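Presented below is the structure to which this report refers.
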Amino acid sequence: MFAVPGWSVEGSALKSQTQAVQPKNESQPEKDAPNADAKNNKRKRANDRVTAGNVDEMYRRHIEKGGKRGPEGSVKTEKKQKKEKKEKQTPETTTAQEPSETVTTADRLQLPRLKKLLPLPLPPAAPALPPTANLTPLQQAMRQKLVSSRFRHLNETLYTTPSEKALELFNTNPELFDEYHAGFARQVKESWPSNPVDDYIKTIRTRGAIPLPRRGKPLNPAKGYPLPRRPTGVCTFADLGCGDAQLSRALTPSAKKLNIKLNSYDLAAPDPLITKADISNLPLEDGAADVAIFCLSLMGTNWVSFVEEAWRILRNDGKGECWVSEVKSRFGKVQRKKSQIGAQKPSSKADKKKPKKKGGDDSEDDADIFAEDVRPSDNTDETDISAFVEVFQTRGFMLRRESVDKSNKMFVRMVFVKQGGAPTKGKHASALSAPAPGNKKRFVDRKPDSESGLSAEQEAKVLKPCVYKIR
């Protein structure tokens, strides 16, 4: 253009320079600061990478910085930011385990809420719903049939096995005892006209209020029998086969007022009022009880040994009582001779042929008298308890005949009194001793075991087991 002396440069000395254009890499982001050092850019890219360790810092730097909108869609205030900063400084948040996977943007947005939930302990497991809570009516009916079937199976097992095996069964599976009595209670509620236990509770309260007669005066059955009491005034009960101890639970609050002592025994003891024991081998001393109660509990095939054990634990002064309540279906039907029902008096010729008893007693045979006496007055119930009473008589008991109650359509009740003599059969039988001079015989037709009417197998079958029909 123009020449300046001393500063001009020849054109041949100039060389054209061109800048090489680098290919654009779409995978790499553009540089925000062209004057920044390459090393700094590399460090910045490394710091921008989200990892498990810097997720909190990256969230505050990129999301919370400058009043960015939070996960709820509203601008975070300074007060809320301080609150979250304070929560971060608590030791609970620092002990939280770091996530092992890469945190996404959605996870970062939910982080404040997750930070509040993580330190809290897990809630306890919800209680299991009742089995029938979500069942339809049809399913509930089917389940009820299964439960009833289970109860019937357990019931048959107790009736068809000895008490020793039943005790072993409940020792191995204690839950079966509760299961059985739950089914028993359901059966009582749905099928029975009344519960014999309720009758015994009422009887104890009624007889407990009757005072003892004065010394030297006999009892008056018309006014009722008072409870057999000791000289101290206490009456001790032994509920043998008590089940769920309904008798003791009902009478324990008034035991002091009635002056009674209650002992309950069964094959399992889910209640503190129950003592676990085999009924054929009770943890009681001889003569320790005043009243023994068998309320639907003569169930084992060795039920006769229960009667013998009741004789052992009852008092020996002729006042100990044994109360029995049993299902009528376990007894047979009365089969009497024609001469015992509505027959006319034998003719004079028959009287001549019939040998007279010694002592001038022309009365009928004791068995015939007994068979007539135990019948109800209306003669509509034909339940035969004669063989059952015979078992008790050979074990040292005598029936209080006015106590026989067949008014209930399902059960029969009776009261036996322990006699002073030794039993003629069983493990407590001893050599027969002649009665003292001047005393009347307490037992009729005492015979040795070999001459008695029923064998041991026949005695065990006097009470039939409750076995259900197969459906």
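Data table
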read-out: Selection count, the range 192-227, where residues are farther than 19 Å from residue 292 by Cα and aromatic (Phe, Trp, Tyr); value: 1
read-out: Residue satisfying all of: in the range 185-202; touching a residue at least 60 places away in the same chain (Cβ under 8 Å) and in a helix (DSSP H, G or I); nearest to residue 412 (Cα to Cα) among these; value: 196
read-out: Some residue of the range 213-223 being touching a residue at least 60 places away in the same chain (Cβ under 8 Å) and either open to solvent by 80 Å² or more (accessible area, probe 1.4 Å) or touching an Asp or Glu at 6+ places or on another chain (Cβ under 8 Å) (or both); value: yes
read-out: Test: residue in the range 252-273 that is touching a residue at least 40 places away in the same chain (Cβ under 8 Å), part of a loop (DSSP other than H, G, I, E, B) and among the charged types (D, E, K, R); value: no
read-out: Residue in the range 280-301 that is nearest to residue 413 (Cα to Cα), counting only those that are out of contact with any Asp or Glu (no Cβ under 8 Å at 6 or more places or on another chain) and open to solvent by 20 Å² or more (accessible area, probe 1.4 Å); value: 299
read-out: Search result, residues across the range 249-269 that are under 16 Å from residue 181 (Cα atoms) and either in contact with an Asp or Glu (Cβ under 6 Å, 6 or more places away or on another chain) or of a type in the set (S, T, N, Q) (or both); value: 264
read-out: Residue in the range 226-249 that is among the polar types (S, T, N, Q), surrounded by fewer than 13 Cβ atoms within 10 Å (Cβ to Cβ) and in contact (Cβ under 8 Å) with a residue 40 or more places away in the chain present; value: no
read-out: Extreme residue, farthest from the chain's Cα centre (by Cα), among residues of the range 386-420 that are more than 19 Å from residue 309 (Cβ to Cβ) and among the hydroxyl-bearing types (Ser, Thr, Tyr); value: 386
read-out: Residue tally, condition in a loop (DSSP other than H, G, I, E, B), at pLDDT 95 or above and aromatic (Phe, Trp, Tyr), over the range 307-344; value: 0
read-out: Exclusive hit being assigned to a loop (DSSP other than H, G, I, E, B), aromatic (Phe, Trp, Tyr) and either under 30 Å from residue 193 (Cα atoms) or modelled with pLDDT under 90 (or both), set 388, 370, 392, 443; value: 443
read-out: Looking only at the range 167-205, and only at residues there that are open to solvent by less than 30 Å² (accessible area, probe 1.4 Å) and farther than 30 Å from residue 228 by Cβ, the one that is nearest to the chain's Cα centre (by Cα); value: 177
read-out: Selection status of residue 272, out of contact with any helix residue (DSSP H, G or I) (no Cβ under 7 Å at 6 or more places or on another chain) and under 27 Å from residue 211 (Cβ atoms); value: no
read-out: Hey, residue 253 over 30 Å from residue 158 (Cβ atoms) and touching a Leu at 6+ places or on another chain (Cβ under 7 Å) or not; value: no
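The values are calculated or read from the model by the stated rules, or taken from the named source; none is laboratory data. In this text the structure is predicted, and so the values were computed from the model without any measurement. Cβ atoms come from the backbone with ideal geometry, glycine included; neighbour counts cover every protein chain shown. Just so you know, the surface numbers come from the protein's heavy atoms only, side chains and all, with ligands and any DNA or RNA stripped out. Shrake-Rupley method; radii C 1.70, N 1.55, O 1.52, S 1.80 Å.
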